[in-house]
Amino acid sequence: MSIDHGRRRILAALSASLGLAAAGLPLRSRAAPGRVVVVGGGFGGAAAARALKQLSPDLDVVLIEPAAVFRTCPFSNLYLGGLRSFGSLGHHYGHLQRRHGVRVVRSMARAVDAEQRQVRLADGTRLGYDRLILSPGIDLRWDALEGYDQAAAERLPHAWKAGAQSRLLRRQIRAMDDGGLFLMVIPDNPYRCPPGPYERAAMVAHYFRQHKPRSKVLLLDAKDAFSKQALFEQGWRQVYGDMIEWVGFSGDGEVVRVDAGERSVETAFGQRHQAAVINVIPPQQAGYIARQAGVTDRSGWAPVKAGTFESSLVPNVYVIGDAAVAAPMPKSAFCAHSQAGVTAAAVLASLADRPPPEPVWLNTCFSLIDADYAISISGHYRLVDGEIRELAGGVSPLVATTEFRGREAEHARNWYAAMTQSIWGA
C-alpha cells in the first residue's frame with residue numbers, strides 16, 4: 001500500500017466517525033442495557049465514550065476525567081518550537097456532554113472493584129458499571145533512573161505529559177544562552193509516541209536556528225534504532241546541518257544516572273554530560289488505575305484480548321490506548337482513537353450477548369522536521385489467527401521533493417484538526 005493511498009484511507013476513517021464503519025456496525029444500533037464507565041478523557045477514552053453514545057444513544061455512558069481541559073501530546077513539540085500556541089493544545093469536554101449525552105464526571109478514579117463492578121472516585125463515591133473501559137495513558141517510572149524523581153523533574157523536565165511540564169521546558173529553552181547545549185535522555189521501548197523524541201529534537205533545533213544559532217541538540221538514546229530513523233536523520237542534516245547529534249546504545253547513549261542539581265547525566269560507561277537544558281524522558285508504564293485494577297502484568301502494561309481489547313486478566317474490563325499491550329500497533333494517538341471505535345463496538349456486542357464484529361485498526365503518525373517539512377508512517381491492522389497483524393503500511397519515501405515534504409506538513413495539520421474535531425468537536 002502506498003503512503004498516499006494509506007493516508008487517504010486513514011483520513012477517510014476519521015471522517016467516518018471514529019472508524020465505526022470499519023468496525024462493521026451501523027452508526028445506530030439497538031439500545032444496549034446498563035452502564036459503561038470510561039476512565040480517562042484522552043484520545044482513547046473520550047473517543048470511546050463518544051463512540052458508545054453514537055452506536056447506542058440510550059446507553060448510560062460515564063466518562064471519568066479530573067481535568068477540565070485535555071492537553072494533547074501530539075503537536076506539543078510544535079509548541080516548544082514556536083509553531084503552535086499552548087492554548088491550541090487544549091480541548092474541552094462540553095461538546096461530549098451537550099451534543100452526545102456523555103456524562104462527564106470531573107474526578108480521579110482511585111480504585112476498581114472488579115467483583116462488585118464498581119469504580120471508586122477520589123471523594124469516595126462509587127460508580128457501578130456493566131462494562132469498564134480504562135484509557136489511563138501512562139505514568140512515569142520514577143524508580144527507573146537513578147536520581148530522577150518528581151522533584152528532579154522540576155529542574156530537568158520530561159514534558160511527556162502535555163501541560164505544566166511543557167511550559168517549563170519551553171521557558172528553559174528560551175532562557176538558555178546562545179551556544180548552550182540542549183540534552184535529551186531517551187528510554188528504551190516501549191514508551192508513548194515512539195517518534196516523539198526525534199520530532200522534539202527537530203522542533204528545538206527549529207527554535208535554535210532562529211534565535212540561538214550556535215546552540216546544539218544532543219540525544220542520548222538507550223536503543224540503537226528508532227521509528228523513521230533514516231527519514232529523521234536525513235531531515236536533520238538537510239535542515240539543521242550538524243546542530244543535532246544522536247548517540248545510540250552502542251555508542252554509550254544509555255543514561256543510567258541523573259544529577260538534577262549539577263544539570264548533568266552519566267552514561268552506562270561512566271561518561272558525564274552537562275547541559276544548559278536537560279529533557280529527561282524516563283521509562284514508562286500504564287497509568288495508575290490500570291495497575292490498581294489488576295489489569296497489568298510484570299511489564300507494567302496491560303495485556304488484552306486481541307479482538308476486543310478486553311483485559312486478559314480481569315473480565316468485563318477493557319484497556320485501550322497507551323496502557324494496553326497491542327503490538328505491533330505503536331502507542332500513538334491514532335491507534336488509541338482506532339482502538340476506541342473497535343472496542344466500543346465489542347463492548348456493545350458483549351452487552352447484547354452477541355459476537356464482536358471483525359476488527360480493523362488503522363494508524364498514522366506525522367512528524368515535523370520543520371514548519372513545511374514532515375514525514376509519516378502508517379499501518380493497517382487486522383486479526384489473523386487470533387493475533388493482531390499489520391497487513392499493510394509504510395513510511396514516507398527517502399527520495400522526495402520539497403513540495404512533497406510540504407504536503408506532508410499540511411497533511412499533519414489537517415490530521416490534527418480532523419482528529420480533535422472527531423473526538424472533542426473542537
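Computed values, structure above
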| quantity | calculated |
| --- | --- |
| Tally of residues being among the charged types (D, E, K, R), closer than 30 Å to TYR207 by Cα and touching a residue at least 60 places away in the same chain (Cβ under 8 Å) across the range 344-383 | 1 |
| One residue from ASP297, ASP322 being charged (D, E, K, R), under 18 Å from ASP139 (Cβ atoms), at pLDDT 95 or above and crowded, with 19+ Cβ neighbours inside 10 Å | ASP322 |
| Subset of the range 78-103 (residues that are in contact (Cβ under 8 Å) with a residue 40 or more places away in the chain, closer than 17 Å to GLY137 by Cβ and outside any loop (DSSP other than H, G, I, E, B)) | LEU89, HIS91 |
| Strands (runs of 3 or more DSSP E) (entirely within the range 302-413) containing at least 3 residues that are closer than 22 Å to ARG50 by Cβ | 317-319, 360-370 |
| Subset of the range 128-153 [over 30 Å from ALA344 (Cα atoms) and either surrounded by 17 or more Cβ atoms within 10 Å (Cβ to Cβ) or touching a residue at least 60 places away in the same chain (Cβ under 8 Å) (or both)] | TRP142, ALA144, LEU145, GLU146, GLY147, TYR148, ALA151, ALA152, ALA153 |
| Odd one out for ASP143, checked against (1) more than 22 Å from ALA49 (Cβ to Cβ); (2) modelled with pLDDT of 95 or more | (2) |
| Residue in the range 104-124 that is nearest to VAL36 (Cα to Cα), counting only those that are assigned to a loop (DSSP other than H, G, I, E, B) and touching an Asp or Glu at 6+ places or on another chain (Cβ under 8 Å) | ARG117 |
| Tally of residues being among the acidic types (Asp, Glu) and buried (at least 20 other Cβ atoms within 10 Å of the Cβ) across the range 402-422 | 1 |
| Conditions (1) among the polar types (S, T, N, Q); (2) within 30 Å of PRO397 (Cβ to Cβ); (3) touching a residue at least 60 places away in the same chain (Cβ under 8 Å): number failed by SER250 | (3) |
| Residue selected from the range 191-200 under the condition of a type in the set (D, E, K, R) and buried (at least 24 other Cβ atoms within 10 Å of the Cβ), by the criterion nearest to ALA162 (Cα to Cα) | ARG200 |
| Flag if ALA268 is surrounded by fewer than 21 Cβ atoms within 10 Å (Cβ to Cβ) and small (Gly, Ala, Ser) | yes |
| In the range 339-374, the residues that are under 30 Å from THR401 (Cβ atoms) and not β-branched (Val, Ile, Thr) | LEU362, ASN363, CYS365, PHE366, SER367, LEU368, ASP370, ALA371, ASP372, TYR373, ALA374 |
| Single residue of GLY393, GLY386, GLY425, GLY341 found to be touching a Gly at 6+ places or on another chain (Cβ under 9 Å), touching a residue at least 12 places away in the same chain (Cβ under 8 Å) and surrounded by fewer than 16 Cβ atoms within 10 Å (Cβ to Cβ) | GLY386 |
| Residue ranges of strands (runs of 3 or more DSSP E) in the range 232-301 with at least 1 members touching a helix residue (DSSP H, G or I) at 6+ places or on another chain (Cβ under 8 Å) and of a type outside the set (Phe, Trp, Tyr) | 244-247, 255-259, 277-280, 284-286 |
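Okay, residues lined up against (1) surrounded by 17 or more Cβ atoms within 10 Å (Cβ to Cβ); (2) in a loop (DSSP other than H, G, I, E, B):
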{"residue": "HIS158", "(1), (2)": "yes, yes"}
{"residue": "GLY179", "(1), (2)": "no, yes"}
{"residue": "ALA202", "(1), (2)": "yes, no"}
{"residue": "ALA205", "(1), (2)": "yes, no"}
{"residue": "GLN210", "(1), (2)": "no, no"}
{"residue": "ARG214", "(1), (2)": "no, yes"}
{"residue": "LEU218", "(1), (2)": "yes, no"}
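The values are calculated or read from the model by the stated rules, or taken from the named source; none is laboratory data. Given the structure is predicted, the values throughout are model-derived calculations rather than measurements. Don't worry about glycine lacking a Cβ; one is built from the backbone with ideal geometry, like all the others, and counts go over all protein chains shown.
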